Amino acid sequence: MMKPTSLAPEVLMFVGAAQQSVATAFLHRDEVLLVDALGSAEDARALREVLCEEMGKMVRLIVSTHFMSDHIAGLALFPEALTIAHRHHRATFLSQQQRQPHDDAQYREPQLQFDGELQLRWGTHELRLQHRPGKTLDHLCVDVPSADLACVGDAIVGHIVYLSKADPALIRDALVRIRRLGRRSIVGGHIGSFPAAVLDHALHYLDRLRQIVMALRAEHGAAAVAPHIARIAIEDCLAPGVAACAFEREWHRHNLRVIAEQAIFSLDAAIAARELAA
């Protein structure tokens, strides 16, 4: 049984078993607006059982923070819902490294696509959909001032970030702009919700990882740096006082792999070397 967590009046958070993917439900009378739709069909069915069968609600709108398969599994299970995403959602869906046939089968074209910002009134809450590209080109932050929270999708992965196929500078810019909202609670795309300090922790991780990788590239050169990158400990990147959970450790390992494979931070290292030589 999937049990929701109450984040604010008329706001429930659900965390699925698959990738600990998060869906946030905003309630208004007998209707629901969902932000994201979990990471597996099994989790989505459990979500539907709670919302529709137990609570007697109908899901009317689904907002996607970004169009990756581990956040859109439930779209097909709520055919009555209007789906909303950024206009670059398709580029994100196609960019997935390990897209499978069942991912294509669950793809559902968003009925409402936008660029920039969009505001929705849902019961007592106003949801401000803001384009914050970083982890993906289509990435959104859903700011909810009335609930003092922001749903930030994969702008964070717990207290760290994930870098695959992304410009770290864009991720950093997105985090800084989200931090300026000043919300008390931050709902991630995975694991759950966090106090606002999680944004500082994610920024610290990103900056520290960049510093370490740039130093290793300068010391060992591009041809020999990969083994050294693979040995970077997450503890060397975490903010003071933060202890990594198993999920964060797993995605830190993914970061080390993609940093080597995609030469992430190599441009930063080259620019720094050029400036030093000037």
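The values are calculated or read from the model by the stated rules, or taken from the named source; none is laboratory data. None of these values were measured; they are calculated from a predicted model. Cβ placement follows ideal geometry from the backbone for every residue including glycine, while neighbour counts extend to all protein chains displayed. Remember, those area values only see protein heavy atoms, side chains included, never the ligands or the DNA or RNA. Shrake-Rupley method; radii C 1.70, N 1.55, O 1.52, S 1.80 Å.
Quick rundown of the values:
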| quantity | calculated |
| --- | --- |
| Residue list for region 106-131, restricted to those being touching a residue at least 60 places away in the same chain (Cβ under 8 Å) and either among the hydrophobic types (A, V, I, L, M, F, W, C) or open to solvent by less than 40 Å² (accessible area, probe 1.4 Å) (or both) | Q106, L120, W122, G123, H125, L127, L129 |
| Members of region 76-105 that are of a type in the set (A, V, I, L, M), open to solvent by less than 60 Å² (accessible area, probe 1.4 Å) and at pLDDT 95 or above | A81, I84, A85, A91 |
| Strands (runs of 3 or more DSSP E) wholly inside region 132-249 that include at least 3 residues being open to solvent by less than 40 Å² (accessible area, probe 1.4 Å) and in contact (Cβ under 8 Å) with a residue 24 or more places away in the chain | 140-144, 149-153, 185-188 |
| Some residue of region 225-248 being over 30 Å from Q20 (Cβ atoms) and at pLDDT below 95 | no |
| Selection from region 5-42 of residues that are of a type in the set (D, E), touching a strand residue (DSSP E or B) at 6+ places or on another chain (Cβ under 8 Å) and surrounded by fewer than 24 Cβ atoms within 10 Å (Cβ to Cβ) | E10, D30, E31 |
| Region 40-71: number of residues that are touching a residue at least 40 places away in the same chain (Cβ under 8 Å) and among the β-branched types (V, I, T) | 3 |
| Neighbours by Cβ (under 8 Å, 6+ apart or cross-chain): first from region 255-269, in a helix (DSSP H, G or I); second charged (D, E, K, R) and surrounded by fewer than 16 Cβ atoms within 10 Å (Cβ to Cβ) | V258/K165; Q262/K165 |
| Output for region 250-276, where each listed residue is open to solvent by less than 90 Å² (accessible area, probe 1.4 Å) and of a type in the set (A, V, I, L, M) | L256, V258, I259, A260, A263, I264, A269, A270, I271, A272, A273 |
| Those residues of region 56-75 which are of a type in the set (V, I, T) and either open to solvent by 10 Å² or more (accessible area, probe 1.4 Å) or more than 19 Å from S40 (Cβ to Cβ) (or both), in sequence order | V63 |
